[in-house]
1. How much net charge surrounds Ser149 when only the other residues with a Cβ under 13 Å from the Cβ of Ser149 are counted, with Lys and Arg +1 and Asp and Glu -1?
2. So what J values fall out for the range 129-135 if you push phi through Karplus, 6.51 cos²θ - 1.76 cosθ + 1.60 with θ = phi - 60°, rounded to Hz, Gly and Pro as x?
3. With a 10 Å Cβ neighbour count serving as the proxy for reagent exposure, in which order, fewest first, do Asp13, Asp65 appear?
4. Under a crude label model (7 Å from the Cα following the beta-carbon direction), how far is Val188 from Ile25 in nanometres?
5. Neighbour counts of other C-beta atoms within 10 Å: give me Trp38, Trp165, Trp103 arranged from fewest to most.
6. Around Phe91, which amide H atoms from residues at least 5 apart in sequence, or from another chain, sit under 5 Å from its own amide H, with H modelled in the peptide plane?
7. Modelling each spin label as a point 7 Å along the Cα-to-Cβ direction, I'd like the Val74/His143 distance in nm, to one decimal.
Amino acid sequence: MTARSTTGRTPLDVVAQVLLTLAGILYVGVVLEAVSGWPLDPARSYLSELAARDQPTSALFRGADLAAGALVVVGLAVLAVAHRRRRAAGFAAATLAQRVTFWALVAFGLATMVDALLPLDCALSVGTCAAREESGHLSAAHHAHTVSSVASGIGSFVASAGVVWLARARRRTALGFSARLAGALGPVLGIVTGAIGLFGSPLPLGTGIAQRVQIVAFSVVLVLTVQVLRIPQRRVRPRRAPSAEGAEELTASVEASPRDA
């Protein structure tokens with residue numbers, strides 16, 4: 001059986017699309033922040049601060065992050081089952097870029113769940129929280145949140161880069177353009193956010209604004225994940241049947257024995 005490429009959607013693909021779309025909606029965060037009345041200064045604070053234990057919005061944002069991370073993991077698991085069934089039917093195997101992007105998204109989903117389960121003790125942009133962190137007076141869970149946030153950021157960075165690479169096959173379509181734009185914005189704004197945090201900003205743009213735009217961009221990436229991962233990355237040519245002359249020569253060579261020499 002020869003390998004083939006297909007763009008046909010299966011019921012499992014649809015389920016995965018729904019799950020990852022819901023994950024993208026929940027992960028935006030900015031909508032919940034606006035509904036909550038912008039509790040913290042969006043120019044100076046990170047969205048994760050709204051999930052800190054000392055914030056009244058903690059349960060809301062932790063629940064949204066936990067659900068988003070779980071939906072990403074489950075949605076990818078469903079997509080993996082769909083791909084396994086296509087492989088059993090003879091369709092093309094996933095490329096290295098597709099596999100790296102897939103596992104980067106899995107890492108992001110798991111790290112986001114850990115973020116929700118191990119929130120910050122307090123909002124770093126408010127009061128004495130930053131000073132307490134520097135003096136080591138905060139819990140181990142607070143410091144573990146920093147580690148899981150870094151893991152989540154790395155996962156989203158790699159996944160975004162993978163989406164940009166995979167979408168090149170459809171760069172002239174709306175899907176390809178949207179995926180490449182959203183995928184490129186995430187890593188670029190992640191670098192901008194880190195640079196602003198380290199060196200400050202010459203413009204009236206705080207780390208919070210850049211981070212929020214980055215999160216919106218990655219939420220779009222999550223919504224487009226299923227479609228991008230299913231873009232055929234290779235063309236497998238069907239095997240050509242041997243010609244009549246070739247078949248006769250092959251038959252003659254098989255029937256001949258060393259004794260005929």
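Only the coordinates and a few stated rules stand behind these numbers; no lab work does. This structure is a prediction, so every number in the text was calculated from the model and none was measured. As a convention, Cβ positions derive from the backbone with ideal geometry for all residues, glycine included, and neighbour counts pool all protein chains shown.
1. Here the charged neighbours net out to -3.
2. Along the range 129-135, the couplings run 4, 4, 5, 5, 5, 5, 7 Hz.
3. Numbers: Asp13 19, Asp65 25.
Placing the least packed residue first, the sequence is Asp13, Asp65.
4. Here the modelled spin labels are 2.9 nm apart.
5. Details: Trp38 12, Trp165 18, Trp103 15.
In increasing order of surrounding Cβ atoms, one gets Trp38, Trp103, Trp165.
6. Amide H neighbours of Phe91: Arg4.
7. The modelled label-to-label distance comes out at 3.5 nm.
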